[in-house]
Amino acid sequence: MLVLNSSLLCCFADSYTKSRASYYNTPDGYGNPWGACGYGVYGRTLYGGNVAAVSGSLWKGGSGCGACYQIRCKIGEYCNEDGTHVVVTDYGEGDRTDFIMSEHAFSNLARDSASSAKLKKYGVVDIEYKRVSCKYSKSNVLVKLHENSNNPYYFAILLLNVGGKCDVAAVHLWLEDKKEWSPLRRVYGTVFDYENPPSGKISLRFQMDCGERLVWVHPKKPVPTDWNAGDAYDTGLQF
């Protein structure tokens, strides 16, 4: 049962915050597979490669992973009016910056390719940004088993395709023998783990931080008994 409702998605301010943004280089201009959120190779092309590392205030100890922002640069002759949307896949501090964007995302701030080349010469630009809903079309939220998982001794997950404006604050699993929920540990970023998980299907619940409220969301589908490291399982949910 999904207990999150649309009224909880409206608690983030719609105003822009002033800051600065820079970019980092990869061979193809997309994200890197070593981002601190733990998305791995999947995170390179998330949101079409519009990804960014963020400062500590937006990182929020890892709970800011997967958040989406609209970023607009402030050099009128080079920057387009709408800017671009990015998703947080990494942590990074710069010269008074809140965003260190992939080169691909940084280029999308510009009016055209010529303007993009000009912006890159600046290296760091003044911006304004605001939190926006992440949109994954009709894709359901997935529970991806981390490659270090080892059935039945060690269970580690990350959540993919988390839409909306809420952050994943906590993950619990159900202990049938004790009839209680037990918290997973946040290892880093969006990776949560649990040693010696219960046998059989694994039922999870997610605590979502929507700014003014914390709400619990219960997936429609459990992780199956024969789960495998590296596989992703459909929760049947869309946020």
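Within a straight-line Cα-Cα reach of under 16 Å, LYS120 can be paired with the following lysines, leaving aside sequence neighbours fewer than 8 residues apart in one chain: LYS74.
Note on SER63 and ASP231: the extension gain reaches 58.2 nm, defined as 0.36 nm multiplied by sequence separation minus the Cα-Cα distance. Quick one: with all protein chains in place, what share of the accessible area of the stretch 1-157 is carbon or sulfur, to the nearest percent (1.4 Å probe)? Carbon plus sulfur share of accessible area: 50 percent.
With respect to the chain, whose longest principal axis is taken over its alpha-carbon atoms, helix 113-122 is tilted by about 90°. Which label marks the calculated value of log10 I(q)/I(0) by the Debye sum over Cα atoms at q = 0.09, 0.14, 0.16, 0.17 Å⁻¹, given the options (i) -0.40, -0.88, -1.09, -1.20; (ii) -0.53, -0.95, -1.12, -1.21; (iii) -0.45, -0.95, -1.15, -1.25? It is the value labelled (i). Ranking LYS178, LYS118 from most to least accessible surface, computed with a 1.4 Å probe over the protein chains only, gives LYS178, LYS118.
When Lys and Arg each count +1 and Asp and Glu each count -1, what net charge do the other residues less than 14 Å away from GLY38, Cβ to Cβ, add up to?
+1
Among rounded, prolate and oblate, which fits the stretch 38-77 when a ≥ b ≥ c are the square roots of the eigenvalues of its C-alpha gyration tensor, a/c under 1.5 means rounded, and a/b larger than b/c means prolate? Verdict is oblate for the stretch 38-77.
When Lys and Arg each count +1 and Asp and Glu each count -1, what net charge do the other residues less than 12 Å away from TYR233, Cβ to Cβ, add up to?
Numbers: positive: LYS144, LYS201, LYS220, LYS221; negative: ASP226, ASP231, ASP234.
Combined, the nearby Lys, Arg, Asp and Glu give +1.
Sorting HIS172, HIS218 by accessible area puts them as HIS218, HIS172; the probe is 1.4 Å, largest comes first, and only protein heavy atoms count. Please work out the C-alpha center-to-center distance from the stretch 87-126 to the stretch 177-239 and express it in whole Å. Comparing the Cα centres of the stretch 87-126 and the stretch 177-239, I get a distance of 34 Å. Residue ranking by accessible heavy-atom surface, 1.4 Å probe, largest first, among TRP216, TRP34, TRP227 comes out as TRP34, TRP216, TRP227. How much mean residue ellipticity at 222 nm does the chain get from its helices, if each DSSP H run of length 4 or more adds -39500 (n - 2.57) and you divide by all residues, to the nearest 500 deg cm²/dmol? Calculated at 222 nm, the ellipticity per residue is -2000 deg cm²/dmol.
Between GLU93 and ASN150, the contour length at 0.36 nm per residue exceeds the Cα-Cα span by 17.1 nm.
Applying 1/(1 + (r/R0)^6) with R0 = 30 Å to the Cβ-Cβ distance of LYS130 and THR26 gives a FRET efficiency near 0.70.
Using the Cβ of ILE127 as centre and a radius below 11 Å, the other residues enclosed give a net charge of +2, where K and R count +1 and D and E count -1. Only aspartates and glutamates eight or more places from LYS60 in sequence, or on another chain, were considered; those with a Cα closer than 18 Å are ASP90, GLU93, ASP98, ASP167, ASP209, GLU212.
The values are calculated or read from the model by the stated rules, or taken from the named source; none is laboratory data. Small disclaimer: the values here were computed from a predicted structure and weren't measured. No Cβ is skipped: glycine too gets one built from the backbone with ideal geometry, and neighbour counts run over all protein chains shown. Side chains included, ligands, DNA and RNA excluded: accessible areas come from the protein's heavy atoms. Shrake-Rupley method; radii C 1.70, N 1.55, O 1.52, S 1.80 Å.
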